[in-house]
Amino acid sequence: MPSRKILLIACAMFTGNSCTQTAPALPPPRVPRVVLVHGIFEKGNNFSMFKKRLEKRGFDCYVPQMHPSDGRGGLENLAVRLKQDIDHQFGPNDPISVVGFSMGGIVSREYLQHLGGAKRCENFITISSPHHGTKLAWCYPTLGAEEMRPDSPFLANLAHSEDSLGKMRITSYRTPMDLVIVPPSSSIWARAENLEYPVILHPLMLNSGRVLDDVEQRLLK
């Protein structure tokens, strides 16, 4: 029986075209717009690898800049700026998914819960975010850091208003080896589906293939 290679060559000679099969096109994401919100002291570069992955799958990704990135103006002000940036990039009504890393997850909650973002967000994902604060925030003197301290009034207000998120799908990822979110269990959020991955350091959560694979699949649903 002729080999597959010989059959392909014969087919190409007969038709003038290659007979290799092309992979079927992937279906477009149901919610194609994704906002990636970076953490404290960052500019969003840590999302670069994940952004490229999502764009290959057909997502339209936007990484807004948090100014000032150390939170000195407070997290509420960052959330107001986040809303303005999202509305400018994607319009005020089109559905979006939001992925927040570290402080970005808390700023995103303020946007979703208090600035109307929940009305348009269908999938909210936080990665190593201090939902119950982090003791490390006592080491930095800005208003934003103060608001991320355990038992802060800001976090208490978020906890009291989380019903405004409705039935939105929410996932919270954490690592038990986190040295920035102290204790690491602070990333556990009762409102979310909580997932733990043994990633060695806080920033490496955005470089973990297992974490990014799972996030990507959830965004595709």
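The values are calculated or read from the model by the stated rules, or taken from the named source; none is laboratory data. What you are looking at is a predicted structure, and each value in this text was computed from that prediction instead of being measured. Don't worry about glycine lacking a Cβ; one is built from the backbone with ideal geometry, like all the others, and counts go over all protein chains shown.
List every residue pair whose Cβ atoms sit under 6 Å apart, with the two residues 6 or more apart in sequence or on different chains, where the first one lies in the range 187-208 and is touching a residue at least 60 places away in the same chain (Cβ under 8 Å) and crowded, with 16+ Cβ neighbours inside 10 Å and the second, anywhere, is in a loop (DSSP other than H, G, I, E, B) and of a type outside the set (S, T, Y).
Final answer for the pair search is S187/I181; W189/H131; H202/D178; H202/V180; M205/V199.
Are any of the residues in the range 49-65 closer than 25 Å to R149 by Cα, in contact with a helix residue (DSSP H, G or I) (Cβ under 6 Å, 6 or more places away or on another chain) and among the aliphatic types (A, V, I, L, M)?
no
With farther than 20 Å from G44 by Cα and at pLDDT 95 or above as the only criterion, which of G116, G144, G209 stands out?
Details: G144 fails: farther than 20 Å from G44 by Cα; G209 fails: farther than 20 Å from G44 by Cα.
Sole residue among the options that is farther than 20 Å from G44 by Cα and at pLDDT 95 or above: G116.
Any residue at all in the range 154-169 that is surrounded by fewer than 20 Cβ atoms within 10 Å (Cβ to Cβ) and in contact with a Ser or Thr (Cβ under 8 Å, 6 or more places away or on another chain)?
no
Here is a check on your reading of the model: is S97 touching a residue at least 60 places away in the same chain (Cβ under 8 Å), surrounded by 22 or more Cβ atoms within 10 Å (Cβ to Cβ) and either of a type in the set (A, V, I, L, M, F, W, C) or on the phi < 0 side of the Ramachandran plot (or both)?
Spelling it out, S97 is indeed touching a residue at least 60 places away in the same chain (Cβ under 8 Å), surrounded by 22 or more Cβ atoms within 10 Å (Cβ to Cβ) and either of a type in the set (A, V, I, L, M, F, W, C) or on the phi < 0 side of the Ramachandran plot (or both).
For the range 60-76, what are the residues that are surrounded by fewer than 17 Cβ atoms within 10 Å (Cβ to Cβ) and under 17 Å from the mean Cα position of the chain (by Cα)?
D60, Q65 - these are the residues of the range 60-76 that are surrounded by fewer than 17 Cβ atoms within 10 Å (Cβ to Cβ) and under 17 Å from the mean Cα position of the chain (by Cα).
Being closer than 24 Å to V182 by Cα and not β-branched (V, I, T) is the filter here, so list the residues in the range 87-110 that pass it.
Scanning the range 87-110 gives G100, F101, S102, M103, G104, G105, S108, R109, E110.
What is the one condition in (1) out of contact with any strand residue (DSSP E or B) (no Cβ under 6 Å at 6 or more places or on another chain); (2) more than 16 Å from G71 (Cβ to Cβ) that I181 does not satisfy?
For I181, the exception is condition (2).
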